[in-house]
Each structure stands twice: as structure tokens, then as C-alpha cells.
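Below is one structure, written out as C-alpha cells, with a few remarks after it.
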Amino acid sequence: MKTGLTLGKFAPLHKGHQLLIETALGETDHLILMIYDCHDTTDIPLNVRSSWIKDLYPEIELIECRDGPLEVGDTPEIKNMQDDYILKILKDRKIDVFFSSEFYGDHVSKALNAVDRRVDPDRKQFPVSGSLIREDPFRYREYLHHRVYRDHIKNIVFLGGPSTGKTTITRKMAEEYNTVWVPEYGREYWVKYQVSRKLTLEQLVEIATGHIEREDRLIIRANKYLFTDTNALTTSLFSIYYWDKVHPDLMKIADEARQRYDVTFLCDKDIPFEDTWDRSGEVQRDVFQKITIDDLNDRDIQYTTIKGTVTERMDQIKKILNA
């Protein structure tokens, strides 16, 4: 049985890394991958970077190295420090082949008494590096698997009662940041399928599911931010309002919304009510604004209220995002 080893920060995991990993998997019976913590290099946590590898390569034996040396270089001191740490982690395990694309393949393979296998060291197949991607993930997104790229995007959601300016501000912020935005799927669905201004409990589940599918399609096209007009929390509130209950599937999706979005903005009702045919009046706006706030508080979701003109709201949002 041939055992291979590779290691790195994978900050982020890109197609050059994937070439290395897939080559190693093809040439060994068992592959161990050591992934290092690196707070000084990236703000993407170790557990997130590990999840990329687990999801894409579940057959790998993954070792998270939270106390690994951060020093990088070609000095004898640094090389000895790195070698000693690797040997300590592996204990007495036999490694047959060490896979890398870096200079350290020489000294690590000697320390392990393993074959030194370099994979595309000149970056001819994938001319990219982690540092380049960290500077501008959007520019180099072709080198990132969509599972990795989506974790580089902040999903920003706008909530609020009807006619509080959610769609306008979502679209405007996307234009401001040269990115894409997610229209409210529920409104489109309601216009098409409503009967006597109502939808069934099952149809409300379809709205929540369809909205998430739309987010997932668009997030891999986003540039730094994805701006989203409402989410499953709104759909669940409509379900309670009209049916006094929520379908279990919708309840699950709404519960998951707490972790799905990076920043939540509540649009204030300080703008004139636009009384279109698909809305139920200004009184209903007041009701839904209140229950939206109550729901956010009950779920302990942090949010920022934005108010004023479109320009004033944009300035408030940019201040939060820049911070």
C-alpha cells in the first residue's frame, strides 16, 4: 500500500492545488493532507478551508494543523522547524511519496525518507497563486471551484415590510459594487400562481426553495458581494399571517437563514407607500414591518436599519460593508 502526503495553507484552494491533490490521489492508495492555520495570510478560517477539501475529496485523510509553524523560507532553521513539526504530527507513520510544487519538496521528502514528487512546479497548467487570488478573487475566479468561490462572497440580504424599498436598494447596491443581485422570487411566484391572493403551504415551500436555488446560481457570478431581496424569513411570516402555521420544510429553510447571510439590513418604512395592485395597503405594511422586526429579534439575528432617501441608505450600507 502506497501512502502519499501533501500539505499547505490552501488559502484558497485553487485549481493548481486540485491538480496536485488529484495527481497524488491517482498515484497512491492513501493520501494524507495536512492543512495549516494561517491567520496572518487569510481571514478565511481553517474549518472553512478544510470543508472545501472534505467536500471535494472525501477520501482524503485530513489533518488540521492549528499549531503549525508560520515561518516560511529557505533557511536551515526554518526548514528544520517545518520538518520537525511534520514528523511530530505523523509520529511513526510511513510516507512513501511527498507531493508538492514548491522548493520545500526537497527537504521534506528527505526528512520523511520519501519520494520527492513535484507537480507542475512552473505553474504551466494553472498560472495562478494563492496570493493573486486573495488580492482579487473575482478576477481569478476561473481558477476556483464554485464550492470555494462562493465562500469568498458576502451574501447581503434586505428585509422589511411591503413597499419599504427593498428591491430598489438591492438593485442599486449591485450597480454600485458591479455585481449581481437576487430579485424576490416570492413576488414573481405569487403574481403567477396566487388564487384569491393566497398560496398553499406547499407553494410557499416552493418559493423558499426556488429563492435559494436562484441565490446559488448567482453567487458564483458575484463580485465580492451578492445582494439579496428578501429570504425565507419573509416567506415564513406570510405563511403565519395567512395560514397561522408554517410547513415543516419551510420552517427548516427559515431556520437555516440565520447562518446563510453575512449581513442583514432592515429597510425602514419612512418612505411613501406605493399602493400597487399586488399589495394590501399601508396598514399591512405596518403589520409586516413589526412582525419582521419581532422575528429577527426572536431569532437573535443582528441587523441594521437603513432609512432616508436611496442615496442616504446607500451611504449607510457602504459604511457598514467597508467596516
Item checked: Positive-end residue of THR42, GLY68, ASN223, charge dipole of the chain with Cβ unit charges -> ASN223
Next item on the list: Any chance you could check the Cα centroid distance between segment 190-221 and segment 115-129 for me, in angstrom?
Entry: 45
Note to self: Rounded, prolate or oblate for segment 192-301? Axes are the square roots of the Cα gyration tensor eigenvalues, ordered a ≥ b ≥ c, and the cut-off for rounded is a/c under 1.5.
What the structure shows: rounded
Checklist line | Positive minus negative residues near ILE293 (Lys, Arg vs Asp, Glu; Cβ under 12 Å) | finding: -2
Check: Under the definition of Cα pairs under 8 Å and six or more residues apart, what whole-number percent is the relative contact order of segment 193-271?
Finding: 34
Next item on the list: Might you report the magnitude of the Cβ-based charge dipole of the chain about its Cα centre, with Lys and Arg at +1 and Asp and Glu at -1, to the nearest 20 debye?
Entry: 520
Next item on the list: Calculate, in nm to one decimal, what GLU142 and LYS245 gain on full extension: separation in residues at 0.36 nm each, minus their alpha carbon distance.
Entry: 32.7 nm
Item checked: Solvent exposure ordering (accessible area, 1.4 Å, most first) of TRP243, TRP52 -> TRP243, TRP52
Check: Of THR167, LEU90, THR3, whose Cα points farthest to the positive end of the dipole of the chain (charges on the beta-carbon: +1 Lys, Arg; -1 Asp, Glu; origin at the Cα centre)?
Finding: THR167
Checklist line | Candidate residues ASP84, ASP92: accessible-area rank, largest first, probe 1.4 Å | finding: ASP92, ASP84
Checklist line | Extension reserve of the HIS30-LYS307 stretch, reckoned as 0.36 nm per residue once the Cα distance is removed | finding: 94.0 nm
Check: Round to a whole number: what % of the accessible area of the chain belongs to carbon and sulfur, probe 1.4 Å?
Finding: 49
Item checked: Cα gyration tensor shape of segment 232-271, rounded if a/c is under 1.5, else prolate or oblate by comparing a/b with b/c -> oblate
Next item on the list: Please give the per residue accessible area of segment 208-256, computed with a probe of 1.4 Å over protein heavy atoms only, in Å².
Entry: 47
Check: Local charge sum around ARG171 (other residues, Cβ-Cβ under 13 Å, Lys/Arg +1, Asp/Glu -1)?
Finding: -1
Note to self: What does the extension gain come out to for LYS319 and ILE293, with contour length at 0.36 nm per residue minus their alpha carbon separation?
What the structure shows: 7.2 nm
Notebook entry, point to check: Which order do TYR177, TYR241 take when ranked by solvent-accessible area (1.4 Å probe, heavy atoms of all protein chains), largest first?
Noted result: TYR241, TYR177
Next item on the list: Pop a pseudo-label 7 angstrom from the Cα along the beta-carbon direction at both GLN259 and SER51 and give the gap in nm to one decimal.
Entry: 0.7
Notebook entry, point to check: Taking the Cα centre of segment 168-311 as the origin, how large is its charge dipole in debye, to the nearest 20, when only Lys and Arg (+1) and Asp and Glu (-1) carry charge on their Cβ atoms?
Noted result: 220
Notebook entry, point to check: Out of residues 5 or more away from THR228 or on other chains, whose amide H comes under 5 Å of its own, with H placed 1.01 Å from N in the peptide plane?
Noted result: ILE156, VAL157, PHE158, VAL182
Notebook entry, point to check: Counting Lys and Arg as +1 and Asp and Glu as -1, what is the net charge of the other residues whose Cβ lies under 15 Å from the Cβ of ASP249?
Noted result: -3
Check: Dipole of the chain (Lys/Arg Cβ +1, Asp/Glu Cβ -1, origin at the Cα centre): which of SER196, ALA323, TYR177 lies farthest to the positive side?
Finding: SER196
Item checked: the chain: relative contact order in percent, alpha carbon pairs under 8 Å with at least 6 residues between -> 16
Notebook entry, point to check: Taking a ≥ b ≥ c as the square roots of the eigenvalues of the Cα gyration tensor of segment 142-225, is the shape rounded (a/c under 1.5), prolate (a/b larger than b/c) or oblate?
Noted result: oblate
Next item on the list: Run the dipole for segment 1-125 about the Cα centre, Lys and Arg Cβ at +1, Asp and Glu Cβ at -1, nothing else charged, and hand back the magnitude in debye, nearest 20.
Entry: 220
Notebook entry, point to check: How high is the FRET efficiency between GLU176 and ARG134 when r is their beta carbon distance and R₀ equals 35 Å, given to the nearest 0.05?
Noted result: 0.90
Next item on the list: List, in the order given, every pair from LYS166/LYS319; LYS154/LYS245; LYS9/LYS110; LYS245/LYS318; LYS192/LYS245 whose Cα-Cα distance in the structure shown is over 27 Å.
Entry: LYS154/LYS245; LYS245/LYS318
Next item on the list: List every residue whose amide H lies under 5 Å from the amide H of THR305, counting only residues 5 or more places away in sequence or on a different chain, with H placed 1.01 Å from N in the peptide plane.
Entry: LEU266
Note to self: Please list, in order along segment 148-165, the HN-Hα scalar couplings obtained from phi with the Karplus expression 6.51 cos²θ - 1.76 cosθ + 1.60 (θ = phi - 60°), rounded to whole Hz, x for Gly and Pro.
What the structure shows: 7, 4, 5, 7, 8, 10, 8, 8, 10, 10, 10, 10, x, x, x, 6, 10, x
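The values are calculated or read from the model by the stated rules, or taken from the named source; none is laboratory data. This structure is a prediction, so every number in the text was calculated from the model and none was measured. Virtual Cβ from ideal backbone geometry, glycine too; neighbours counted across all protein chains shown. Accessible surface is based on the protein model in full, side chains and every heavy atom, while ligands, DNA and RNA are left aside. Shrake-Rupley method; radii C 1.70, N 1.55, O 1.52, S 1.80 Å.
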